[in-house]
1. Determine the shape class of the chain: with a ≥ b ≥ c the square roots of the Cα gyration tensor eigenvalues, call it rounded for a/c under 1.5, and otherwise prolate if a/b is greater than b/c, oblate otherwise.
2. Can you compute the modelled spin-label distance between residue 37 and residue 15, with each label point 7 Å from Cα toward Cβ, in nm?
3. What is the calculated FRET efficiency for residue 85 to residue 1, with r their C-beta to C-beta distance and R₀ = 35 Å, to the nearest 0.05?
4. Given 0.36 nm per residue, what is the gain on full extension from residue 94 to residue 54 after removing their alpha carbon distance, in nm?
5. Per residue of the chain, what 222 nm ellipticity follows from adding -39500 (n - 2.57) for every DSSP H run with n ≥ 4, rounded to the nearest 500?
């Protein structure tokens, strides 16, 4: 049966097409793809897996045509990072104004 294993970085994607036996799991397909050898940052204990953009367990058996996706951690959303910085700055300003008021 034919399946794909996908790993995407910000500037490029890696796609491995495989023919696997019936009963192959998502984790087994990732191991067979060789992507973990090419990208040692992939750790199946940390990186989540999905099939067609839906989270899946490594033990899930695949069906013909499935696309196994290896998800990587995304950086904090810029908006959230800016909001945290803004909050820290407001706290600093409040402390500074209290210190000068005394």
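What follows is calculated from the coordinates using simple rules that are stated; it is not laboratory data. For clarity, every value in this text was computed on a predicted model and none was experimentally measured. Cβ: placed from backbone, ideal geometry, glycine included. Neighbour counts: every protein chain shown.
1. prolate
2. Distance between the two pseudo-spin positions: 2.2 nm.
3. With a Förster radius of 35 Å, E is 0.10.
4. Values: separation 40, 0.36 × 40 = 14.40 nm, distance 4.48 nm.
Result for the pair: 9.9 nm of gain on full extension.
5. On the way: 3 runs with 36 residues, N = 102.
Calculated mean residue ellipticity at 222 nm is -11000 deg cm²/dmol.
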